[in-house]
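Reading through the structure tokens given below for one structure.
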Amino acid sequence: MTQIQPTPPVRRPPSAWANGIGYLIFFSRWLQAPLYLGLIVAQLIYVVVFMVELWHLAEEVMRDITHINETAIMLAVLGLIDVVMIANLLIMVIIGGYETFVSRIKIDGHPDQPEWLSHVNANVLKVKLAMAIIGISSIHLLKTFIEIGDLNSPRAENLTDQTYTSEGVLWQVIIHCVFILSAVALAFIDRMSYHRVAKHEVHDGVPVVVPEPDVRQEPAPR
């Protein structure tokens, strides 16, 4: 008895209209390029802000170098660190976002290539951004704790011209904890997305390369 082989399905080639729509959607990623260029301008503005704040700090110190308010200096330095961390966040968004969603940056082998750029993807970028946001929130929280050291004291001195309340500080702490929990959740989700690659595993018709184990020869005993 002759066994009848099933006829494979016939795949019709996509029409020119479908190809045109696909290419249009693919090239639409370049609409994000002006956004990243705008973030570069924003980073330049932060450089100007940093230099202005540094100049004000130098003026405050040189005004009366024998009587320096350590708390005021500490708050000013924390403000400078805050600007630097926001600039680092901008760098990660500009480079990582452009590399992930727009086009690859051909800097392989460059001595100044960031270590994290070699394995950047959407999940890694989200985790790094969450960690940067936690760092920025920590700076703001530390500035608040320095300022409210004598919150309920009638002789409290306000150095930042901001009004603090117990409820507002509590909400700031809660929001900071939410940032931390969000970063932990993102890192856990990113960890769950990885799995051990099996031999002959195929994804979307493409064979997955199995990394070779790092076999190092141990020196022979003498």
For the subset of the range 156-172 comprising residues that are surrounded by 10 or more Cβ atoms within 10 Å (Cβ to Cβ) and either in a loop (DSSP other than H, G, I, E, B) or acidic (Asp, Glu) (or both), which member is modelled with the lowest pLDDT?
Ala156
When Gly38 is run through (1) under 22 Å from Val124 (Cβ atoms); (2) at pLDDT 90 or above, the failure sits at (1)
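Quick one: is Glu53 surrounded by 10 or more Cβ atoms within 10 Å (Cβ to Cβ), under 30 Å from Met85 (Cα atoms) and modelled with pLDDT of 85 or more?
yes
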Flagged in the range 36-79 as aromatic (Phe, Trp, Tyr) and in contact (Cβ under 8 Å) with a residue 24 or more places away in the chain, in numbering order, are Tyr36, Tyr46, Phe50
Reported set for the range 44-99 where residues are of a type outside the set (Gly, Ala, Ser), part of a helix (DSSP H, G or I) and in contact with an Asp or Glu (Cβ under 9 Å, 6 or more places away or on another chain) is Thr71, Ile73, Leu75, Leu80, Val83
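The values are calculated or read from the model by the stated rules, or taken from the named source; none is laboratory data. Predicted model, so just to flag it, every value in this text is computed and none were measured. All Cβ positions, glycine included, derive from the backbone under ideal geometry; neighbour counts span all protein chains shown.
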